[in-house]
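See below for the structure under consideration.
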Amino acid sequence: MVRKIKKILKSKPTIEGAGVHLKRAFGFYHVPQLDPFLMLDDFRSDNPDYYLPGFPWHPHRGIETITYVLDGRVEHGDSMGNKGVIYPGDVQWMTAGSGVIHQEMPKGDKKGIMGGFQLWANLPAKQKMIDPRYRDVTKDTIPQIKRKDGTAIKIICGKVDGVQGPVKDIVIDPEYLDVSIPAKTEFIHKIKTDHTVFAYVFAGEAYFDKGRDSFAYEVEGANYFDLKRDCLIKPESLVLYEKGDELNITTKDKAVRFLLISGKRLKEPVAWYGPIVMNTQSELRIAFEEYNNGTFIKSRKG
């Protein structure tokens, strides 16, 4: 069954951290529509004033943060002494688990360009207090396949055409792909029927289902005076899909590039405040009490 579009979300300008200007594709107010995913931020910019303030020291518990850098770099460090740099094409998959206090500081390239995405994925109740860990996935370990029609797919997580991505053993069984489709090309992709699936367009345009009916789904985030409903989905738009086991995406006169992400639903209650996501308000209270009294960090591993 080919998946139909359930909803289109237009990303919205947001300021986070110490003053980072970014576009938020979805977040707190969309729970549980994208379960097991919580948030997706698009932090592409050519203005250093918009990203250099960065994300100084802050805690995380109960989630995974997945950072994918396209341009520039992100320097990071944590309270356990871990330090590193995420370069263009690299991914950092951080499992916060029982607790991490860290900082992430974007740095642009020589032209002042910074670009990338951060996705938050929820952890199930039984894993929220596991030891934290980092998976630093460098560009050279991420396979890219190219089909005969010119479609290129970078496989961060999941398997496509028999090729497996480097990130494995994640509880939500995710797929994370960076897909580029040439103009006038059809892309057909098998997907797990019970998974939440979304695509985030960041270049070009395409039809993201076979129906091509712009009034068959809800559009959220459109301007009040935006009176044109177009079936061609353009940049800074997120496509959330209905259930099904196959995707059909077709380009017209332009190529398209997008993130394609899916994961197994947790179907658990979400208690979320700031950078901490638990299952109950009581667990949230404990987390913030521990952060304030210095007992937040449970493990010295990272």
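Which of the following residues is open to solvent by 10 Å² or more (accessible area, probe 1.4 Å), outside any helix (DSSP H, G or I), over 20 Å from Pro235 (Cβ atoms) and among the charged types (D, E, K, R): Asp49, Asp136, Asp140? Sole residue among the options that is open to solvent by 10 Å² or more (accessible area, probe 1.4 Å), outside any helix (DSSP H, G or I), over 20 Å from Pro235 (Cβ atoms) and among the charged types (D, E, K, R): Asp136. Quick check on Val201: is it in contact with a Pro (Cβ under 7 Å, 6 or more places away or on another chain), under 22 Å from Ile5 (Cα atoms), open to solvent by less than 50 Å² (accessible area, probe 1.4 Å) and of a type in the set (Val, Ile, Thr)? Considered against the rule, which asks whether it is in contact with a Pro (Cβ under 7 Å, 6 or more places away or on another chain), under 22 Å from Ile5 (Cα atoms), open to solvent by less than 50 Å² (accessible area, probe 1.4 Å) and of a type in the set (Val, Ile, Thr), Val201 comes out as yes. For the stretch 59-107, the set of residues classified as in a loop (DSSP other than H, G, I, E, B), open to solvent by 10 Å² or more (accessible area, probe 1.4 Å), of a type outside the set (S, T, N, Q) and within 24 Å of Glu289 (Cα to Cα) consists of Met80, Gly81, listed by residue number. Does Lys23 count as in a strand (DSSP E or B), of a type in the set (Lys, Arg), out of contact with any Lys or Arg (no Cβ under 7 Å at 6 or more places or on another chain) and touching a residue at least 60 places away in the same chain (Cβ under 8 Å)? When the stated conditions are applied, Lys23 does not pass them. In the stretch 138-161, the residues that are under 18 Å from Phe117 (Cβ atoms) reach residues that are outside any strand (DSSP E or B) and of a type in the set (Val, Ile, Thr) with C-beta atoms within less than 6 angstrom, at least six apart or across chains, in these pairs: Lys154/Ile142; Ile156/Ile142. Condition check: within 30 Å of Ile142 (Cα to Cα), open to solvent by 40 Å² or more (accessible area, probe 1.4 Å) and at pLDDT 95 or above. Does Arg257 satisfy that? Here the answer is yes, as Arg257 does meet what is asked.
Can you confirm whether Asp131 is acidic (Asp, Glu), open to solvent by 50 Å² or more (accessible area, probe 1.4 Å) and under 15 Å from the mean Cα position of the chain (by Cα)? Judged against the criteria, Asp131 is not a match.
For every residue, the table says whether it meets (1) within 26 Å of Asp42 (Cβ to Cβ); (2) in contact with a Phe, Trp or Tyr (Cβ under 7 Å, 6 or more places away or on another chain).
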site: Glu218; (1), (2): yes, no
site: Phe258; (1), (2): yes, yes
site: Asn279; (1), (2): no, no
site: Tyr291; (1), (2): no, no
site: Lys298; (1), (2): no, no
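How many of the residues making up the stretch 164-178 are β-branched (Val, Ile, Thr) and under 14 Å from the mean Cα position of the chain (by Cα)? Residues that pass the stated criteria total 1. Is the stretch 174-197 home to any residue that is part of a loop (DSSP other than H, G, I, E, B), of a type outside the set (Asp, Glu) and crowded, with 21+ Cβ neighbours inside 10 Å? The answer is yes, given that some residue of the stretch 174-197 is part of a loop (DSSP other than H, G, I, E, B), of a type outside the set (Asp, Glu) and crowded, with 21+ Cβ neighbours inside 10 Å.
The values are calculated or read from the model by the stated rules, or taken from the named source; none is laboratory data. Values in this document were obtained by computation on a predicted structure and should not be read as measured data. When we count neighbours, we look across all protein chains shown, and the Cβ atoms used for this are built from the backbone with ideal geometry, even at glycine. With ligands, DNA and RNA removed, areas are computed over all heavy atoms of the protein, side chains included. Shrake-Rupley method; radii C 1.70, N 1.55, O 1.52, S 1.80 Å.
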